[in-house]
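Accompanying notes for the structure given below.
The values are calculated or read from the model by the stated rules, or taken from the named source; none is laboratory data. Keep in mind that this is a model prediction, so the values were computed, not measured. FYI the Cβ positions are ideal-geometry reconstructions off the backbone, even for glycines, and counts take in every protein chain you see.
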Amino acid sequence: MRKLLTYLSVMVLVLSSSGISYGSSLFVGPSPRPTGMGSAYVAIAEGVSAVYWNPAGLAKLEGSGIELSSVFISAKSQSNTSLVNSAAPDNADGDFPYLLNVGAALGIDLEPSQYQRKDLKVTATLPFFGVYKKVNDITFAGAVYANGGGGGKWADTAIGALGDISRASIDASFGFMIGNISAAKEINQKLMLGVGLNVIYMMDKATIKKDFVSVSGIIPSYSASIDQSGTGYGIEGVIGGIYKAIPNKLDVGVILRSGSTIKLKGTAKYKQNGLSPFFDITNPVTYAFADANNETDYDQEYMYPLTYTIGFAYKPINPLILAFSIIQENYTVLRDDYDYEDETYFPDVKSDKKWNNSTLIGIGGEYQVNEKLTLRTGVLLDPNQCPTDKLTFLNPNQYKLTLPTLGFSYKVESYTFEGYYMPYLSEGPSKGTRTYEFPGGAFNIAAGYKF
């Protein structure tokens with residue numbers, strides 16, 4: 001039984017990797033037009049959403065205006081098998097991320113060896129609000145937006161061979177909110193440059209619970225939970241440019257985001273009760289079953305990755321634009337770095353996540369039907385950057401995604417209304433008899449007004 005305290009250490013690794021993001025890439029760009037064109041937008045970057053896609057594009061704007069939009073995401077990370085209810089779990093290899101299967105630890109077959117529910121529901125709402133104003137020959141803009149993250153929930157009830165009941169649940173969320181200020185200027189007839197500053201707010205939290213209801217009476221009912229939540233800030237610089245290689249025909253765009261080190265502060269709680277009356281907690285072998293109510297503060301460092309993009313926009317005929325982008329995201333810097341004040345139940349963690357760098361390919365097009373209506377389509381190829389040696393449907397980042405989009409824009413006087421729909425076509429990994437997939441999709445609606 002002494003190993004049970006070691007299992008608590010495993011739980012910290014579970015929590016440190018439990019952030020639930022929307023899918024394969026951590027980031028979701030704002031505004032329907034760019035994503036409706038397969039995110040191939042760095043060489044176009046029109047509108048106030050250019051603060052994200054390429055601040056140089058702000059130089060194209062005249063007067064002043066606002067834009068409000070939101071992305072809505074709903075998907076499921078699912079498998080053909082559910083989570084294993086193990087006494088020594090490895091949550092990254094198909095197990096429920098909780099140590100206390102007491103019956104299994106004692107060698108008694110009381111709890112079911114596996115749960116029934118085989119999917120994690122993933123949802124996210126990612127808003128964007130931006131404003132801009134041109135003063136002389138410089139365009140200034142500001143925006144507040146969420147560009148990645150979401151929430152994942154899983155819960156199940158399983159009944160053992162003797163009628164004992166095991167209830168388990170996971171509720172995790174992870175996300176970034178960005179506050180941005182940007183400025184752009186047309187340097188000459190061919191070149192536009194823009195710069196921006198992002199203040200990044202990050203939130204990362206997870207709650208894992210388990211309740212065992214004893215019907216057989218062999219061991220008592222017990223409950224346990226871990227709740228960990230942290231927030232922090234970072235600063236990121238942005239620089240972008242658009243070059244008109246062939247005026248009115250071919251534009252080239254580039255953007256570099258510096259990345260950031262985000263320092264989070266949080267609280268971790270571990271609770272366990274119900275087993276103390278049954279076990280001799282003074283015995284060094286069984287003291288791990290003692291009731292517990294532990295709380296500790298912690299510091300965490302998160303390496304928000306550097307990203308850069310290069311792309312082209314080509315106009316073969318006046319109402320048609322074709323675009324292509326290569327997006328590079330540096331995920332090799334990602335680590336699990338947790339420093340706990342009280343290490344009784346939460347030992348420090350310092351490890352490399354072993355993610356790969358990610359190269360995304362965006363291809364898209366836009367056709368202006370008339371002065372009011374514009375239609376768009378595109379596709380974004382988003383590879384899997386996570387290690388695949390250990391797999392679980394609790395990790396929505398393990399999928400290779402193909403993301404086709406259909407979008408539109410409709411103008412009425414000074415108002416513009418836009419939207420897109422993007423289904424998730426996933427290529428899931430597999431291990432042995434276990435297979436995984438990530439069905440779902442996203443849509444975006446937006447409204448803008450030019451003064």
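Here are a few things to note about the model shown:
- Of all residues making up segment 365-403, the number that are under 24 Å from Gly448 (Cα atoms) and not in a loop (DSSP other than H, G, I, E, B): 10
- Only residues that are part of a strand (DSSP E or B) and in contact with a Ser or Thr (Cβ under 7 Å, 6 or more places away or on another chain) were counted in segment 343-364, giving 5.
- Taking segment 405-437 as the range and being of a type in the set (Phe, Trp, Tyr) and either under 20 Å from Gly378 (Cβ atoms) or free of Cβ contacts under 8 Å to residues at least 12 places away in the same chain (or both) as the test, the residues that pass are Phe408, Tyr410, Phe417, Tyr420, Tyr421, Tyr424.
- Of the strands (runs of 3 or more DSSP E) lying entirely inside segment 234-342, those carrying at least 3 residues that are within 30 Å of Ile187 (Cβ to Cβ) and modelled with pLDDT of 95 or more are 250-257, 307-314, 320-329.
- Across segment 393-414, the number of residues qualifying as buried (at least 23 other Cβ atoms within 10 Å of the Cβ) and of a type in the set (Val, Ile, Thr) comes to 1.
- For segment 186-203, residues that are part of a strand (DSSP E or B) and either of a type in the set (A, V, I, L, M, F, W, C) or closer than 16 Å to Ser49 by Cα (or both) total 12.
- Applying the criterion of being of a type in the set (S, T, N, Q), touching a strand residue (DSSP E or B) at 6+ places or on another chain (Cβ under 9 Å) and surrounded by fewer than 21 Cβ atoms within 10 Å (Cβ to Cβ) to the residues of segment 338-383, the residue that is nearest to Gly441 (Cα to Cα) is Thr377.
- In the set Phe212, Phe176, Phe129, only one residue is surrounded by fewer than 16 Cβ atoms within 10 Å (Cβ to Cβ), part of a strand (DSSP E or B) and among the aromatic types (Phe, Trp, Tyr); that residue is Phe129.
- Any hit, segment 81-89, residues being part of a strand (DSSP E or B), of a type in the set (A, V, I, L, M, F, W, C), at pLDDT below 80 and farther than 30 Å from Tyr415 by Cβ: yes
- Criterion: under 30 Å from Ser82 (Cα atoms), surrounded by 15 or more Cβ atoms within 10 Å (Cβ to Cβ), of a type in the set (Asp, Glu) and more than 20 Å from the chain's Cα centre (by Cα) - qualifying residue of Asp156, Asp119: Asp156
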